[in-house]
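Okay, structure first, notes after.
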Amino acid sequence: MSLSQERAPIYEALQAFGKKRVVPFDVPGHKRGRGNPELAMLLGENCVQMDVNSMKPLDNLCHPVSVIREAEELAAEAFGAAHAFLMVGGTTSAVQAMVLSSVKQGEKIILPRNVHRSVMGALVLCGAIPVYVDPACDERLGIPLGMRVKDVEQAIQMHPEAKAVLVNNPTYYGICSDLRAIVKLAHDNGMLCLADEAHGTHFYFAEGLPVSAMAAGADMAAVSMHKSGGSLTQSSIMLIGSAVSEGYVRQFINLTQTTSASYLLLSSLDISRRNLALRGKEAFAEVIKMADYAREEINAIGGYYAFSQELINGDSIYDVDVTKLSVNTLEIGLAGIEVYDLLRDEYDIQIEFGDLGNILAYLSIGDRLRDIERLVSALAEIKRRFGQQKASMMRQEYIEPEVVTSPQKAFYAEKELLPIEQTNGYVCAEFVMCYPPGIPVLTPGERITTKILEYIDYAKRKGCSLTGPEDANIEKLNVLKGEA
Ligand SMILES: Cc1ncc(COP(=O)(O)O)c(C=O)c1O
């Protein structure tokens, strides 16, 4: 049966179910909000009425046969995939399912170092071994870029037994590798190509943006509908191409997925897919216009550098997502994280993240021109009130990781907790990352070096929120026992 993109089967089934006023002798125990009036007041009647559990008329996410299946088929059609899985554990769960269904213990996966923590977490779970490709680093901006095709080719030649190549499409800053060429390389060498598209949902629905993973022929993609797609936080989609078996992948999804999927999340995915399929093109044309305007205005302030497509070099920056408003702040003598904090504390403006040299304002379908104006004027004022000489700003550079043992082995190994300043030369047994963006500075199994320790110290002093280790203050680190 062919379905129209105007339909939203989960949402429609929920509405029909709501009208029936069925008496609930099942979970959730708040019983449509009656058992928890404060919650009902906070979220509203509609929301608590729709917070129901799986049942025949509403299907079941673990084994969808009716309305969820139809919603997945509609999503697959909208995204140009062979199948789409609705996910309720964030894009983290999509990334994990993608990696777990591609590589097993001891098998190799080729990937850039600037992956999200969810990828490294998946390697801890499955025991695969990372083969890192150096994502080139932009000298001026200090940001990691995309993988160069020749570097991927070299990694494939050196590790022909690897099972998969994973690509960020795009990076947090909106930088894309030549995905079509990497897919071809992977396939020519019998490997799968996986894409982390946490920041690329809109590529499927707008014009003038980088190629999407499915259009490029990738085998799987993890797509954050809740980021640029407009669905509720934590909802996500995983896409697969025709060479991948739906049933096989679902088994991996069900290893860690809840058996009580939230219908708030599922219906939000359904409605957002419909919205993107019907109106995404026009909506994102507006977002692109706003982002272009913001870049022009921010660059006119002086000092800031709002970067975009002029960086394209046909290789490590094969393409750029122009909806991302990434701004380098070093010339005004402030770290990105300092501007990020000032925007929130002094101007009530919350942006996506700030790192040592850059900020990222996330623009999407809910933005308004007047809010862009507010951001631009706040940035101008920050420069005037807080700007300094740019001397003594640390530049970020790529620190080549030395992988001593697999993330899984290191994570489960016998460890000792040492004061961080004494860990130089040891093998790290846990994660350290700045969040956001959540790209690990250290992962289990990597050698700790002076450069890495200096970076962590500087990031701490500048106010970056560092997460990962057992010691939340990051004054101590777990290292492999006796491995210095
Ligand atoms: C590149 C990348 N991949 C995966 C994720 C995980 O997404 P989620 O927070 O929905 O689990 C993120 C989150 O920021 C991300 O930036």
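Table: residues versus (1) part of a helix (DSSP H, G or I); (2) modelled with pLDDT under 85.
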| position | (1), (2) |
| --- | --- |
| GLU397 | no, yes |
| GLU430 | no, no |
| TYR455 | yes, no |
| TYR458 | yes, no |
| ASP471 | no, no |
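Can you tell me which residue is nearest to LEU86 (Cα to Cα) among those in segment 21-60 that are in a helix (DSSP H, G or I), open to solvent by less than 70 Å² (accessible area, probe 1.4 Å) and free of Cβ contacts under 8 Å to residues at least 24 places away in the same chain?
So, considering only residues that are in a helix (DSSP H, G or I), open to solvent by less than 70 Å² (accessible area, probe 1.4 Å) and free of Cβ contacts under 8 Å to residues at least 24 places away in the same chain, the one nearest to LEU86 (Cα to Cα) is VAL48.
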Being more than 27 Å from GLY80 (Cα to Cα) and without any contact (Cβ under 8 Å) to a residue 24 or more places away in the chain is true for just one of ASP345, ASP355. Which residue is that?
ASP345
Which one is surrounded by the fewest Cβ atoms within 10 Å (Cβ to Cβ), of the residues in segment 235-255 that are part of a helix (DSSP H, G or I) and of a type in the set (A, V, I, L, M)?
LEU255
Of the residues ALA335, ALA361, ALA378, ALA306, which single one is in contact with a Lys or Arg (Cβ under 6 Å, 6 or more places away or on another chain) and within 30 Å of SER272 (Cβ to Cβ)?
ALA306
Which number in (1) under 26 Å from the mean Cα position of the chain (by Cα); (2) closer than 25 Å to THR171 by Cβ; (3) open to solvent by 20 Å² or more (accessible area, probe 1.4 Å) marks the one condition that THR405 misses?
(2)
Give all pairs with beta carbons closer than 6 Å in which a residue from segment 422-450 that is closer than 19 Å to VAL124 by Cβ meets a residue that is aromatic (Phe, Trp, Tyr); count only pairs at least 6 apart in sequence or on separate chains.
PRO440/PHE431; THR443/PHE431; PRO444/PHE411; ILE448/TYR426
Report whether or not PRO444 is over 25 Å from VAL133 (Cα atoms) and either under 20 Å from the mean Cα position of the chain (by Cα) or open to solvent by less than 80 Å² (accessible area, probe 1.4 Å) (or both).
no
Report yes if LEU194 is open to solvent by 50 Å² or more (accessible area, probe 1.4 Å) and in contact with a Ser or Thr (Cβ under 7 Å, 6 or more places away or on another chain), otherwise no.
no
Condition (residue is closer than 13 Å to PRO407 by Cβ, within 20 Å of the chain's Cα centre (by Cα) and within 16 Å of the ligand (Cβ to nearest atom)) applied to segment 98-107: is it met by at least one residue?
yes
So for segment 359-368 (the condition being outside any loop (DSSP other than H, G, I, E, B) and of a type in the set (D, E, K, R)), does at least one residue qualify?
no
From HIS202, HIS187, residue being open to solvent by less than 10 Å² (accessible area, probe 1.4 Å), assigned to a helix (DSSP H, G or I) and farther than 22 Å from VAL403 by Cα
HIS202
Yes/no for PRO64 being out of contact with any Gly (no Cβ under 9 Å at 6 or more places or on another chain), open to solvent by less than 20 Å² (accessible area, probe 1.4 Å), without any contact (Cβ under 8 Å) to a residue 24 or more places away in the chain and not in a helix (DSSP H, G or I)
yes
Flag for LYS415 being in contact with a Gly (Cβ under 8 Å, 6 or more places away or on another chain), touching a residue at least 24 places away in the same chain (Cβ under 8 Å) and not small (Gly, Ala, Ser)
no
Within segment 108-125, residues open to solvent by 10 Å² or more (accessible area, probe 1.4 Å) and either within 12 Å of the ligand (Cβ to nearest atom) or over 20 Å from the mean Cα position of the chain (by Cα) (or both) come out as LYS108, ASN114, HIS116, ARG117, GLY121
Apart from one, (1) of a type outside the set (A, V, I, L, M); (2) surrounded by 15 or more Cβ atoms within 10 Å (Cβ to Cβ); (3) touching a Gly at 6+ places or on another chain (Cβ under 7 Å) all hold for PRO9; the odd one out is (3)
Lone qualifier among ILE448, ILE399, ILE420 - being of a type in the set (A, V, I, L, M, F, W, C) and either within 16 Å of the ligand (Cβ to nearest atom) or within 28 Å of ILE332 (Cα to Cα) (or both)
ILE399
Is it the case that ASN478 is open to solvent by 50 Å² or more (accessible area, probe 1.4 Å) and modelled with pLDDT of 95 or more?
no
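Scanning segment 235-284 for residues that are of a type in the set (Lys, Arg) and under 30 Å from VAL322 (Cβ atoms), which turns out nearest to the ligand (Cβ to nearest atom)? Outline the logic, then answer.
To start, the set of residues in segment 235-284 that are of a type in the set (Lys, Arg) comprises 250, 273-274, 279, 281.
Of the ones still in play, those that are also under 30 Å from VAL322 (Cβ atoms) are 273-274, 279, 281.
Working: ARG273: 16, ARG274: 21, ARG279: 23, LYS281: 24 Å.
This residue is ARG273.
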Test of understanding: among GLY354, GLY366, which residue is over 30 Å from ALA181 (Cβ atoms), open to solvent by less than 10 Å² (accessible area, probe 1.4 Å) and not β-branched (Val, Ile, Thr)?
GLY354
Subset of segment 256-284 (residues that are open to solvent by less than 10 Å² (accessible area, probe 1.4 Å) and either of a type outside the set (Ser, Thr, Tyr) or part of a loop (DSSP other than H, G, I, E, B) (or both))
ALA261, LEU266, LEU269, ASP270, ARG273, LEU276, GLY280, PHE284
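Here's the yes/no breakdown for (1) within 16 Å of the ligand (Cβ to nearest atom); (2) over 20 Å from GLU352 (Cα atoms); (3) in a loop (DSSP other than H, G, I, E, B):
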position: GLY142; (1), (2), (3): no, no, yes
position: ASP151; (1), (2), (3): no, yes, no
position: VAL167; (1), (2), (3): yes, yes, no
position: THR171; (1), (2), (3): yes, no, yes
position: SER212; (1), (2), (3): yes, yes, yes
position: ALA215; (1), (2), (3): no, yes, yes
position: HIS226; (1), (2), (3): yes, no, yes
position: GLY230; (1), (2), (3): yes, no, yes
position: THR233; (1), (2), (3): yes, no, yes
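The values are calculated or read from the model by the stated rules, or taken from the named source; none is laboratory data. Bear in mind the structure is a predicted one, so any value in this text is a computation, not a measurement. In this analysis, Cβ positions are derived from the backbone assuming ideal geometry, glycine residues included, and neighbour counts consider all displayed protein chains. To get the accessible areas, we keep the full protein, side chains included, count just its heavy atoms, and leave off ligands, DNA and RNA. Shrake-Rupley method; radii C 1.70, N 1.55, O 1.52, S 1.80 Å.
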